[in-house]
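Take a look at the structure below.
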Amino acid sequence: MEPPKNSSSRTSQTLSRFGNLIRLHQGSTFLSIRKTSMEGFMIDRRQFLGRSLTAASALALANIGSVTLPSMASAAAARPVRFGTVGGTSDAGLYLANALGFFEEVGIKLELSRLGTSPALASATATGNLDGAGISVNPALYASIEQGLQLKAVGDKQSFSPGLSSAHIIVNKRLIKGSKAETIAGLKGKKFAIASKKTGFYMIVLDVLAKHGLKEGDVSFVELAYPNITPALTSGAVDAAAHLEPYLSQAIKMGVVDSVSDLTEAFPPGATLVPIVFGERMASDTDLGNDFMLAYTRGVRVYNDAYTKGINKEKTITIIAEGSKIDRDVIENSFPTALNPNQNLDVAFFERMQKFFIAQGTLRQPIDMKRLIDTSFAANAVKKLGRYT
């Protein structure tokens, strides 16, 4: 496998840029993202033929798990793609596309890696240690583009739609009032747990509170990691929280809290909070990027068939449970996330989040969204598959 021309030079330039810390002013603190090693990184730009959908793969979409899909490329020839996530049910499209052979059909060997935070995923993707990742929208994502790093948001890995929302506002039952609206309005002066205030998720939480007459200063926000939110709620250390699956359902089942909002009241339909982000290799190698998005989109459509149409839902849940290493019962009884079957990205929503971060003081200056968002890969997948309805 030969590296592309000038790859060493581009790698050095990327590491040099990333070596200059992305310092995002966040009140009295700064977020620093450190460079990661690129030693041994090689890029395979070989092209593969035979990307048209086979009758077997069409049958797999209609009856997943019942057919063995033929490989269009030998295992030795498959192009490795290293994709990073924080784990969980929002990776369902990846698990399904991998288990059903959709990546194999286009000559891709998917290698999933878990990292703990979005900044860590952004760092690894920018330096080439990952080829892509699902990265929660945060100030560092915008700042990386301003620094000249080659990241492209190309599709959806977690969004919100009515009936499909894996994040809710939950409140201690002792504070529940006659209606959900009254309960939210009654949170004035209460302690509210949020994983991070430096995210688009926090912006949406503020929007929901504002709809019920509460300003940011009316609630005492406490930043806690998701695994620590449920114990804080049950002990009474906090009164309410914006919680995420799989912790969300587990907290509700304990009988101490209840959901008062699935947050969709403040979301544009289908708005993305966690986009699929390509690094330089995938963004510049059009064939590889298109093949990845085609396979991934097919996996997302199997997911939507299961959760919106009831098609092969039991088999779908089994695959997600195996891929996520989460108990099947937890997946089956969790609030499902939304995954956009046409992989649309709402550019206006990205611009709104950018303005929020600038007003918040966690981002210094705006970027042109064309530098961050590339919808061509999703458009190519939809052209081949047809629009999903």
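Taken together, the values in this text are just the output of simple stated rules run on the coordinates, not laboratory data. Owing to the predicted nature of the structure, the values given are computational and were not obtained by experimental measurement. Here the Cβ is made from the backbone with ideal geometry for all residues, glycine too, and neighbour counts use every protein chain on show.
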Margin query: If each residue of separation counts as 0.36 nm, what is the full-extension length gain between ASN333 and ALA237 once their alpha-carbon separation is subtracted?
Written below: 31.9 nm
Note to self: For the pair ASP368/GLU322, report the inter-label distance in nm, with labels modelled 7 Å from Cα in the Cβ direction.
What the structure shows: 4.7
Check: Which value in nm describes the separation of the simple spin-label points at LYS180 and LEU385, placed 7 Å from the Cα toward the beta carbon?
Finding: 2.9
Margin query: Give me a comma-separated list of calculated 3J(HN,Hα) values for segment 181-198, in order, Karplus coefficients 6.51, -1.76, 1.60 applied at θ = phi - 60°, integers in Hz, x for any Gly or Pro.
Written below: 4, 5, 5, 5, 4, x, 7, 4, x, 8, 8, 10, 8, 9, 5, 7, 8, 9
Checklist line | Pairwise label distance in nanometres, GLU111 with GLU223, each label 7 Å out on the Cα-Cβ vector | finding: 3.3
Next item on the list: Let me see the pair-distance distribution of segment 101-198: every alpha carbon pair, 5 Å bin width, integer percents in order.
Entry: 2, 9, 15, 15, 14, 13, 11, 8, 7, 5, 2, 0
Item checked: Cα-based convex hull volume of segment 332-372 per residue, rounded to whole Å³ -> 111
Note to self: Rounded to the nearest 20 debye, what is the charge dipole size of segment 297-385 about its Cα centre when +1 sits on each Lys and Arg Cβ and -1 on each Asp and Glu Cβ?
What the structure shows: 360
Note to self: Sort 303-312, 233-242 by the packing proxy (mean of other Cβ within 10 Å over each peptide's residues), most packed first.
What the structure shows: 233-242, 303-312
